[in-house]
Structure formats: structure tokens, C-alpha cells
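The structure under discussion appears below in the form of C-alpha cells.
The values are calculated or read from the model by the stated rules, or taken from the named source; none is laboratory data. The structure displayed is predicted, hence computed values, not measured ones. Ideal geometry is used to build each Cβ from the backbone, glycine not excepted, and the neighbour counts take in all protein chains shown.
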Ligand code: ASP
């Protein structure tokens with residue numbers, strides 16, 4: 001018997017329709033998308049649901065929590081062998097990491113998107129969907145992380161990031177410090193969580209303003225990821241304010257606006273151990289934010305949070 005795969009549709013360009021000025025994401029229903037790829041029936045038995053229909057720029061913590069709980073309960077049932085989630089590419093890496101770190105089953109989960117809308121002559125969604133369903137139906141993917149599918153390729157959530165805002169092959173790959181296949185030995189139980197700790201991102205640049213970090217502090221945020229320059233460095237006034245934020249109980253994670261290379265405590269210019277910062281390692285700011293939100297559901301202890309950023313529970 002063919003494997004049974006559940007498809008959860010959330011929107012994105014793969015569900016996009018052309019408009020006068022360009023296109024609008026999240027317009028086509030999952031029925032319509034699937035009817036364009038009849039070959040899927042030869043790979044798996046499918047059922048599907050329209051979870052939401054949005055551009056992934058509108059993904060948020062509320063949807064992540066609901067989506068994670070839904071995927072978790074589907075995969076814990078005997079009925080399904082894997083899940084495919086149609087999703088916009090803009091924030092796909094964040095959703096993938098969130099799911100990867102919160103799902104309790106090891107069965108394959110694949111997020112799939114496209115760079116051209118569903119009604120484009122050269123739409124890339126159908127071919128990506130085939131690769132995604134094949135990936136979710138393949139037991140060899142059971143021991144892997146949540147996968148992302150674009151450009152007819154599958155990448156794991158710790159390594160994948162959106163590198164190109166236009167090209168078909170829009171996902172890049174960063175060597176991760178740790179992989180954490182879902183359902184194995186790293187992760188968080190959010191099944192009883194209804195809201196997540198509040199974590200913002202502050203972008204670094206020469207002469208950076210302290211206003212964004214101060215605003216997060218004034219609003220009582222639990223943590224901030226600094227998307228620093230180079231190896232996680234900051235314009236001095238921002239760093240001094242971050243030191244004050246730590247003294248006031250905020251968790252500060254240093255990441256970098258550089259796509260490659262990461263941020264580490266050893267060998268850098270900032271003394272994390274003295275100042276109470278956490279280094280993000282290979283995680284980019286948006287992934288580090290997801291991990292910090294999840295870590296803060298368990299602890300505010302900086303040493304324990306440092307371990308989470310090394311893939312240790
Ligand atoms: N804005 C779209 C989205 O992320 C872009 C895409 O899907 O490629 O939903």
C-alpha cells in the first residue's frame with residue numbers, strides 16, 4: 001500500500017495568483033493546487049486541509065503554535081506516514097525550525113513553496129510539490145530534520161535559509177553547528193503553551209540607534225536577538241544598552257547579519273561570559289529568535305540557554 005501523507009496548506013506564492021502589478025500570495029485553494037499535479041496519486045495516498053491562506057510574511061507565533069500542535073497530533077496517529085506543508089518562502093526557515101524543535105514524532109515533515117505563482121506559465125510549484133510528497137513518503141527521511149523543498153531540492157531546517165528574493169533556487173545552505181532531528185533528543189514541549197515569550201530582533205549597522213533596543217526593553221520583552229555586524233559586534237552605545245538590558249533580566253543573544261560564519265563566544269571581540277550574552281553559533285537572527293522564544297518557555301538561566309544554542313537539552 002502507498003504511504004499516507006497529509007497536506008496542510010498555509011498559502012504563499014505556491015498558492016499565489018497573478019495580479020495587474022505582480023501577484024498576490026495565498027489566493028489558490030489546496031484543491032486547485034493539487035489538481036495541477038495528478039502524478040501525486042502515484043506516490044502517496046493523500047488527504048489535505050486548508051489551515052490558512054496567507055503570505056508567509058504574516059506567519060506568527062499564534063499560527064506556529066497551532067501548526068505545531070496539529071502536525072504533532074497527525075504524526076502521533078498510526079494513520080499518517082508523513083506531512084507536507086505548503087508555505088511561503090519568506091519565513092519558511094523560521095516555521096521549519098519551530099516545527100523541527102517542537103514535534104515529537106520522527107516521521108518526515110516537508111515544507112514546500114514556490115517562487116512563481118500557481119497561474120504562471122512556468123510555475124515551479126507543481127514540480128516542488130512532487131519532490132516534497134516523495135520526500136515525505138520516503139522512510140529514509142524519518143531520521144532527518146524538518147525539510148524545506150524549493151528548486152526541486154530538499155534541505156534540512158538547520159542549514160536552509162532564504163538567500164535570494166527572486167531566483168527559483170532561492171534557498172541557500174549554511175553548515176549548521178548541530179542538527180536536531182525532530183522526535184529525537186533535542187526539543188521543546190509546547191503542547192500546553194498558548195503564548196510564547198516575547199523576543200525581538202535588533203539590526204546592527206555603523207552608527208546604530210539605541211531606540212529599537214530601548215523600545216523592546218520599555219515594552220518588557222523577554223529577550224532580544226542582536227543581528228550584529230561581523231562576528232556579532234555592535235556600535236558601542238547599543239552594546240552598552242544591551243549590557244544594561246542583561247542586568248535588568250533580559251536575555252540577549254548575539255547573532256550576525258553576515259549569512260555565513262556565525263557568532264561564537266570563543267575567539268570573538270565581545271566577552272559573553274563576563275557580560276551575560278549568549279552566542280547564536282551558526283543560527284541566523286530569525287532562527288536564533290525562534291530558539292530563544294522556545295528556550296524561554298523552559299528557563300531564564302543564561303547557562304542553560306547557552307546549552308540550547310549548542311543543541312543540548
Ligand atoms: N511572500 C511570499 C510568501 O512568503 C513569497 C513566497 O512564497 O515565495 O508567502
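Tabulated data for the structure shown
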| read-out | value |
| --- | --- |
| Positions within the range 37-63 being touching a residue at least 60 places away in the same chain (Cβ under 8 Å) and surrounded by 15 or more Cβ atoms within 10 Å (Cβ to Cβ), in sequence order | 37, 40, 43, 44, 46, 61 |
| Any pair with Cβ under 6 angstrom, 6 or more apart, that starts in the range 1-21 at a residue that is within 20 Å of residue 65 (Cβ to Cβ) and ends at one that is outside any loop (DSSP other than H, G, I, E, B) and within 12 Å of the ligand (Cβ to nearest atom) | 9/86; 10/52; 11/53; 11/54; 12/56 |
| Meets criteria (closer than 19 Å to residue 179 by Cβ, modelled with pLDDT of 95 or more and in contact with a helix residue (DSSP H, G or I) (Cβ under 8 Å, 6 or more places away or on another chain)) for residue 291 | yes |
| Criterion (in contact with a strand residue (DSSP E or B) (Cβ under 9 Å, 6 or more places away or on another chain) and more than 30 Å from residue 14 (Cα to Cα)) met by exactly one of 197, 176 | 197 |
| Within the range 232-313, helices (runs of 4 or more DSSP H) holding 1 or more residues that are farther than 21 Å from residue 211 by Cβ and over 20 Å from the mean Cα position of the chain (by Cα) | 272-275, 302-308 |
| Considering residues of the range 143-185 that are surrounded by fewer than 17 Cβ atoms within 10 Å (Cβ to Cβ) and more than 16 Å from the ligand (Cβ to nearest atom) only, the residue nearest to residue 23 (Cα to Cα) | 173 |
| Restricting the range 106-133 to residues that are out of contact with any strand residue (DSSP E or B) (no Cβ under 9 Å at 6 or more places or on another chain) and more than 16 Å from the ligand (Cβ to nearest atom), the residue that is farthest from residue 79 (Cα to Cα) | 121 |
| Yes/no for residue 212 being outside any helix (DSSP H, G or I) and surrounded by 15 or more Cβ atoms within 10 Å (Cβ to Cβ) | no |
| Hey, residue 107 without any contact (Cβ under 8 Å) to a residue 40 or more places away in the chain and farther than 22 Å from residue 291 by Cβ or not | no |
| Qualifying residue in the range 166-185 (condition: farther than 26 Å from residue 261 by Cβ, in contact with a helix residue (DSSP H, G or I) (Cβ under 6 Å, 6 or more places away or on another chain) and touching a residue at least 40 places away in the same chain (Cβ under 8 Å)) | yes |
| Given (1) in contact (Cβ under 8 Å) with a residue 24 or more places away in the chain; (2) on the phi < 0 side of the Ramachandran plot, number of the condition residue 151 does not satisfy | (2) |
